[in-house]
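Structure first, then comments.
The values are calculated or read from the model by the stated rules, or taken from the named source; none is laboratory data. Predicted, not measured: the structure shown is a model, and the values here were computed from it. Backbone-built Cβ (ideal geometry, glycine too); neighbour counts: all protein chains shown. Only protein heavy atoms, including side chains, enter the accessible area calculation; ligands, DNA and RNA are left aside. Shrake-Rupley method; radii C 1.70, N 1.55, O 1.52, S 1.80 Å.
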Amino acid sequence: MQGHDQDQGPGSGRGRGWASLGPVGLVLAGGISVQFGGALAVSLMSRAGALGVVTLRLVVAALVLVVICRPGVRGHARADWGTVVVFGITMAAMNGLFYQAAARIPLGPAVTLEVLGPLALSVLASRRAINLVWAGLALAGVFLLGGGGFDSLDPIGVAFALSAGAMWVAYIIFSARTGRRFPQADGLALAMVVAAVLFLPLGIVESGAKLLNPTTIALGAAVAVLSSVLPYTLELLALRRLPASTFAILMSLEPAVAALAGFLVLSQTLTLTESLAIALVITASMGAVRTQVGRGKPKNVA
């Protein structure tokens, strides 16, 4: 299969530079990028609506990746194209569902609920009992960070967030498969085109001419780079060398990164409960990494 052993992203030189971070570093860098992009996306919702933001994010990301990667469309098997199409569908669904959730419930609980999907994957995909302990610790931290309960939240928003979590599981699986079937980030670029084409009609119906405002386009481009181009490329690279079960537990860092970003960037103070939650999540992630290192060369479960 093409690109099975290539650890490269858009542009071979830049790919080697990113790869030097190691798989865990790639995941962490992607998570930080997503959080800054998410903060910008929330401010953009008042201008373009939830579906409009997703449309801008996917369309701009698709254009950027196609220009940088110049993916080849010849020489791929039917199974390769099937993987790319499903990957694109999952990206469109994951983004659309999450932003619908963020429009109805606070961002912190939305991320917390969404992360339950990858945590469930870590339990189901793992073959070692110790990973159940790490998943349990991460789950406890996620619930603490969400305030210990979600009964006061809009049930429709909760349903959207949980559905986004399910799509996140599919994203993890098909990102790994796409990375193995296509060289560099070609598969990601093609899948992003699929996602953008699928979502464009929804964005036009909701936002119409608002999508053509120069300021909105500029902000949407920034969201696309921070929330799609960088993190998806880094995660695709990471999943070539990291098992999906370990990657899924590392995804539990997302709510913790969001809380820390709020403290560092927005001067939002952390309560004792939130600090404990972050400690549990980080402990779980470190344990998952140490367990993986002890296994020797990783094998992808996807």
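Side notes on the structure shown:
- Total residues in the range 100-110 satisfying the condition of being open to solvent by 10 Å² or more (accessible area, probe 1.4 Å) and in a helix (DSSP H, G or I): the figure is 5.
- A count restricted to the range 67-89 and to residues that are within 26 Å of GLN35 (Cβ to Cβ) and open to solvent by 10 Å² or more (accessible area, probe 1.4 Å) stands at 4.
- Residue among ALA135, ALA140 that is farther than 16 Å from ALA170 by Cα, of a type in the set (A, V, I, L, M, F, W, C) and buried (at least 18 other Cβ atoms within 10 Å of the Cβ): ALA135
- GLY157 vs. criteria free of Cβ contacts under 8 Å to residues at least 60 places away in the same chain and farther than 17 Å from ALA61 by Cα: yes
- Boolean, ALA164 is in a helix (DSSP H, G or I), in contact with a helix residue (DSSP H, G or I) (Cβ under 8 Å, 6 or more places away or on another chain) and modelled with pLDDT under 85: no
- Within the option set VAL158, VAL197, being modelled with pLDDT of 85 or more, within 29 Å of MET45 (Cβ to Cβ) and open to solvent by less than 50 Å² (accessible area, probe 1.4 Å) holds for one residue only, VAL158.
- Some residue of the range 176-185 being open to solvent by 20 Å² or more (accessible area, probe 1.4 Å), at pLDDT below 90, on the phi > 0 side of the Ramachandran plot and part of a helix (DSSP H, G or I): no
- Total residues in the range 93-139 satisfying the condition of being over 15 Å from the mean Cα position of the chain (by Cα) and closer than 20 Å to PHE247 by Cα: the figure is 19.
Residues are listed down the side, and each one gets a yes or a no for (1) farther than 17 Å from VAL123 by Cα; (2) at pLDDT below 75:
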| position | (1), (2) |
| --- | --- |
| PRO231 | yes, no |
| MET251 | no, yes |
| LEU264 | yes, yes |
| ALA288 | no, yes |
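- Within the range 182-239, considering residues that are of a type in the set (Gly, Ala, Ser) and under 17 Å from MET94 (Cα atoms), the one farthest from the chain's Cα centre (by Cα): GLY203
- Residue selected from the range 116-133 under the condition touching a Phe, Trp or Tyr at 6+ places or on another chain (Cβ under 8 Å) and modelled with pLDDT under 80, by the criterion farthest from LEU58 (Cα to Cα): SER122
- Among the candidates GLY49, GLY72, the residue that is part of a loop (DSSP other than H, G, I, E, B) and either more than 16 Å from the chain's Cα centre (by Cα) or free of Cβ contacts under 8 Å to residues at least 24 places away in the same chain (or both) is uniquely GLY72.
- Residues (at pLDDT 85 or above and among the charged types (D, E, K, R)) located in the range 18-63: ARG57
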